[in-house]
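These notes are about the structure you will find just below.
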Amino acid sequence: MTGKRYLNSNDKNISSRPLNTRNKDDIYKKFPLSNEMNYNSHLTPHNAYSDDHFNEITVQLNQSLDINNKLTNEVRTVRDELEKYKIMNDKYKEKYMEILTKNNEETNQHEKVIRNLRSEVKEREQRLKDIQRLENDVKNLKRENEELEAKNTDLVQRNADLENQLGELTKKNALLEDEASSYQSALGVATNFQLGDNDQNNAVNLNHDIMELNDKIRKYITNLKQDTVVNMDEVKKLLLHYGCPTNIENQKEDRILIQAVLQRHVIETIFEYANQYFQSTGKHYHLESDITKSESSLSLLLNHASKCRTGNDEITRVGPSKLRQQIYSVLSNRGFADIIGAGNNGNTIHEHPFIVYHKKKLNEVMNELRMIKSSQKRTTSENLAATIIRDVVKIFCFRLKVQEPVVHYRWFPNNSAVDKALMEVANLDDKDDKDEIVNSRVDLCFFPLIGRDVDSKNRKIYTLAKVITKPALNLKTSRNY
């Protein structure tokens with residue numbers, strides 16, 4: 001079959017010389033135009049192109065394809081290389097950013113160190129200025145000290161002169177004192193109401209003993225925490241008995257109010273024991289009651305003597321007060337102490353029957369209100385009963401009457417306005433706003449106010465009343481309660 005011949009690379013007639021890319025355009029010029037490539041036997045002769053010419057074109061085409069393949073491979077290689085360079089460039093960028101970040105951190109650290117150093121320099125400069133100022137102050141103080149020493153020397157001399165004058169005046173005064181001593185000795189002892197520093201009944205010692213009594217009662221009641229069970233129903237009745245309408249539900253949450261009402265009940269119960277005792281007479285153990293009755297009668301007679309008999313001496317006027325002071329001083333020392341000589345042997349000593357009977361009764365009352373599970377703690381608490389009864393009676397029945405004028409105690413009822421000058425709020429913490437207390441109200445007073453002339457401007461307070469305020473204040477528990 002005649003026609004177009006297909007070329008292949010194995011054809012022996014194909015030239016092996018390389019295709020010159022410069023002649024590529026020349027090669028394409030030799031091809032016919034697209035409208036000329038249609039086969040028309042009447043226009044183009046069958047052998048218009050020779051076989052050699054076709055072979056040459058085929059070789060050149062094949063070489064051009066080879067070159068194109070090589071260029072494609074080279075492009076692929078270049079792209080691979082370029083991709084590698086991109087990866088390397090990203091790594092270098094990452095490394096660069098890492099180095100840059102580290103450098104920035106180090107720079108910030110250096111700047112911080114520099115700022116600290118500058119601050120330290122400023123501080124040292126300020127310290128240096130302070131030292132210089134202090135040195136100047138020391139110099140000024142030295143100068144002032146020298147001036148003061150000079151003045152002191154002058155004052156010492158003047159003091160020596162005054163001491164010489166005082167010596168002469170003292171001698172003259174001694175002569176006058178010797179002359180007046182005989183007149184003052186008797187009258188002074190008889191009319192002086194002031195209690196000495198060593199007297200247990202002076203204001204300082206009395207107040208100290210009142211505080212100790214309060215601590216003893218608190219220990220007697222216990223903290224109502226572990227090993228203690230409160231009879232809530234009885235305590236609720238007790239609160240109502242003392243005019244406190246606050247409802248309690250939980251021993252732990254209402255512990256402070258429960259402690260307070262129990263302390264109030266201990267004191268009030270002992271008052272009842274004392275009132276019953278001082279209405280009794282006729283027995284050897286009623287001696288304290290007989291003495292108080294005799295003091296009352298004798299003081300009344302002395303008052304009549306002062307008013308119904310002529311005279312203007314000071315001793316008669318102060319006689320009832322001095323009698324009261326002396327008698328109640330004796331009772332505050334010896335009242336309800338152990339009794340001597342009540343048995344067959346006159347030297348026997350035993351506890352006062354008032355104390356024996358009522359300490360047992362008080363323990364029974366308290367054990368009904370709160371039960372201490374630990375026998376050791378219960379024994380420790382019960383052993384305080386005798387001391388508490390004796391101290392309460394001595395302080396409130398005897399020692400307050402030794403004072404001149406007589407000192408009294410006062411309970412504040414529920415809903416009284418809180419007065420910081422007369423009361424100490426037990427459920428107040430140091431951090432609470434103390435101005436808030438001015439507008440608060442008493443829920444329960446559990447230790448009375450002790451003082452004299454309480455309602456006057458010249459009042460003297462020995463011990464503030466201890467109170468619990470209304471729950472609405474949400475005051476915290478004081479550490480001192």
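The values are calculated or read from the model by the stated rules, or taken from the named source; none is laboratory data. Treat the numbers as computed from the prediction; the structure is a model and nothing was measured. We place every Cβ from the backbone using ideal geometry, glycine too, and count neighbours over all the protein chains shown.
Structure values in brief
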quantity	calculated
Counted residues, segment 258-287 - those being at pLDDT below 95 and in contact with a helix residue (DSSP H, G or I) (Cβ under 7 Å, 6 or more places away or on another chain)	3
Meets criteria (assigned to a loop (DSSP other than H, G, I, E, B), surrounded by fewer than 17 Cβ atoms within 10 Å (Cβ to Cβ) and assigned by TED's automatic domain parsing to the domain that holds L224) for S280	yes
Among the candidates E424, E364, residue that is closer than 28 Å to V229 by Cβ and either within 32 Å of the chain's Cα centre (by Cα) or outside any loop (DSSP other than H, G, I, E, B) (or both)	E364
Residue in segment 306-315 that is part of a helix (DSSP H, G or I), of a type in the set (G, A, S), within 21 Å of L400 (Cα to Cα) and in contact with a helix residue (DSSP H, G or I) (Cβ under 8 Å, 6 or more places away or on another chain) present	no
Positions within segment 230-272 being surrounded by fewer than 19 Cβ atoms within 10 Å (Cβ to Cβ) and among the small types (G, A, S), in sequence order	G243
Among residues of segment 236-257, those that are farther than 15 Å from C445 by Cα and of a type in the set (A, V, I, L, M), counted	1
Residues being modelled with pLDDT of 95 or more, surrounded by 17 or more Cβ atoms within 10 Å (Cβ to Cβ) and β-branched (V, I, T) - total across segment 373-406	5
